[in-house]
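Colleague: Submitted below is the structure of interest, expressed as structure tokens.
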Amino acid sequence: MEGVIIGIESTAHTFSFGSVSTNGVLFPSQSSLFRPEEGGIHPREAADHHSDVTSELLNRVSNAEYFSWDSVVAIAFSQGPGLGPCLRVGASVARTLSTSLQVPLIGVNHCIAHIEVGRNQTGCDDPVLLYVSGGNTQVIARADGKYRVLGETLDIGIGNMLDKFARHNGIAFPGGPEVERLANNFTSEGWKSLDSVLLPYGVHGMDMAFSGILTSAIQRISDGHSLEEVCWSLQEHSFASCVEVAERALAHTGKNELLLGGGVACNERLREMSTIMCEERGSSCHWPEKQYCIDNGTMIAELGRRMLEAGISTELLDSAINPGLRTDNTSVIWH
Ligand code: ATP
Ligand code: FE2
């Protein structure tokens, strides 16, 4: 049956509705980002934001020229991982829509949605994924019916680290794009040496760590280094650790495609470093459009589409949110 699957994303700061046709054409998401006036993201405040913007977002979905409610064949939503109060808003809207439209409900794993939207957009078949977002930093590969986590951060996510460093320096959330802009300013006049602003490099076997580098970067600012220089050094060190682990994952698994995903995959320098590494070892490097790197409803719809095709849906009784869901908790039986 031709139709569309709606995807609802609400794991953290972003509330978003997206859709995909049953034959895999992605449609842009309608999203609203919660930006705290000061400090970090308070789960309750983010959830209130999501509730407040629900009807406006649904109106925007309804009014899109490519969309009609008659064509909806399923409702997919982020079941986890994420912040409980935020997840609950998305799940409630999803249950309501699924019940009133009388179409299947599909609870999806947010981390895996980052992978599947990337596979859709880039045509990658069996990649190693470097999943770099606010809350997560993982190197993932598919094996024996699961997306396996081969390496991950031992403390905070890389995006969280960039956001915290930015906040410490008066830059509003999300800090990653501004850190990128400042780093670019620093290198705009040519190659620089890292020697004067070395930071700890956190690779432990196949795992990474970012809290030590954050503390040191904040210290470098107190020592009098310029914000632009420290932003640059922070990117060089933290991205290098991700690329090193991704390279080792390619070597161990024998796979030859690297796929970037998650909000930090918007960063041009990370894309460049990943591409250089892949070229040096005869592999290819891919990433989806920026709108599909950051959290978005369309990626939830795309994973819902693959699950629906494989005959998977979620009964209302099984639709409780799962804030602690992990990438490797979900059985992967779709192509
Ligand atoms: P997840 O639940 O998957 O951990 P998330 O809630 O962190 O996702 P995303 O939208 O995937 O949300 O990622 C947001 C992160 O991406 C923020 O930390 C933000 O600073 C970072 N980010 C966005 N653009 C850039 C950029 N150009 N450079 C570096 N970081 C970026
Ligand atoms: Fe995400």
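Colleague: Of all DSSP beta bridges located in the chain, what percent are antiparallel, nearest 5?
Modeller: Here the antiparallel bridges make up roughly 60 percent for the chain.
Colleague: How many times 2.2 N^0.38 Å is the alpha carbon radius of gyration of the stretch 86-210?
Modeller: Scaled against compact globular proteins, the figure is 1.39.
Colleague: Comparing 69, 287, 191, which has the greatest mean-square fluctuation in the GNM of the chain with Cα pairs linked when under 10 Å apart?
Modeller: Sorting by GNM fluctuation, first place goes to 191.
Colleague: A further question follows. Name the lysines eligible as straight-distance cross-link partners of residue 255: C-alpha to C-alpha under 28 Å, and not fewer than 8 places from it in the same chain.
Modeller: 146, 290
Colleague: Scan around residue 150 for amide H atoms under 5 Å from its own, H built in the peptide plane at 1.01 Å from N, and keep only partners 5 or more places away or cross-chain.
Modeller: Those qualifying (amide H under 5 Å, at least 5 residues apart or on another chain) are 139, 140, 141.
Colleague: Between residue 195 and residue 65, what FRET efficiency comes out of the Förster formula 1/(1 + (r/R0)^6) with R0 = 51 Å and r the beta carbon distance, rounded to 0.05?
Modeller: Here the calculated transfer efficiency is 0.40.
Colleague: Could you please report the charge total around residue 237, scoring K, R as +1 and D, E as -1 over all other residues with beta-carbon less than 14 angstrom from its beta-carbon?
Modeller: Values: positive: 192, 220, 269; negative: 195, 229, 236, 244.
Taking every other residue near residue 237 into account, the sum is -1.
Colleague: Amide H of residue 202 versus every other amide H placed in the peptide plane: which residues, excluding those fewer than 5 positions away on the same chain, fall under 5 Å?
Modeller: Under 5 Å from the amide H of residue 202 lie the amide H atoms of 209, each far enough along the sequence or on another chain.
Colleague: For the pair residue 143/residue 221, report the inter-label distance in nm, with labels modelled 7 Å from Cα in the Cβ direction.
Modeller: Going from the residue 143 label point to the residue 221 one covers 4.0 nm.
Colleague: Just the Kirkwood number for the stretch 127-291, please: inverse of mean 1/r across all distinct Cα pairs, in Å, one decimal. Show your work: numbers first, answer last.
Modeller: Working: mean 1/r = 0.0627 Å⁻¹.
Value: 15.9 Å, from the Cα pair sum.
Colleague: Hey, another quick one. Given a cut-off of under 8 Å on Cα pairs at least six residues apart, what relative contact order in percent is computed for the stretch 200-334? Could you put the intermediate results ahead of the total?
Modeller: On the way: 98 pairs, mean separation 23.3, N = 135.
Worked out over the stretch 200-334, it gives 17 percent.
Colleague: Oh, and also: Hey, what did the stretch 127-291 get for relative contact order, percent, Cα under 8 Å, at least 6 apart?
Modeller: Relative contact order, the stretch 127-291: 27 percent.
Colleague: Whole-Hz Karplus ³J(HN,Hα) for the stretch 214-230, in order, using 6.51 cos²θ - 1.76 cosθ + 1.60 and θ = phi - 60°, x for Gly and Pro?
Modeller: 5, 4, 5, 5, 5, 5, 4, 5, 4, 6, x, 5, 6, 4, 4, 5, 5
Colleague: While we're here: Could you give me the ³J(HN,Hα) list for the stretch 158-164, computed from phi with Karplus coefficients 6.51, -1.76, 1.60 and θ = phi - 60°, whole Hz, x at Gly and Pro?
Modeller: Result, rounded to whole Hz: 5, x, 4, 4, 5, 5, 5.
Colleague: Which ³J(HN,Hα) values, rounded to whole Hz and listed in residue order, are derived for the stretch 200-213 from phi using the Karplus coefficients 6.51, -1.76 and 1.60 in 6.51 cos²θ - 1.76 cosθ + 1.60 with θ = phi - 60°, glycine and proline given as x?
Modeller: Coupling constants for the stretch 200-213: x, 10, x, 10, 10, x, 9, 9, 10, 8, 10, 6, x, 5 Hz.
Colleague: Using only the alpha carbons of the stretch 9-126, determine the length spanned along each of the three principal axes and report them from longest to shortest in whole angstroms.
Modeller: In descending order, the Cα extents are 42, 36, 24 Å.
Colleague: For the stretch 1-149, give me the percentage of DSSP beta bridges that are antiparallel, rounded to the nearest 5 percent.
Modeller: The answer is about 70 percent antiparallel.
Colleague: Here is a further query. Going by average Cβ neighbours within 10 Å, how do the peptides 193-202, 261-270 rank, with the highest at the top?
Modeller: 261-270, 193-202
Colleague: What does the convex hull of the alpha-carbon atoms of the chain project to on average, in nm²?
Modeller: 16.8
No lab work stands behind these numbers, since they all come straight from the coordinates. Just so it is clear, the model here is predicted, and its values are computed rather than measured. FYI the Cβ positions are ideal-geometry reconstructions off the backbone, even for glycines, and counts take in every protein chain you see.
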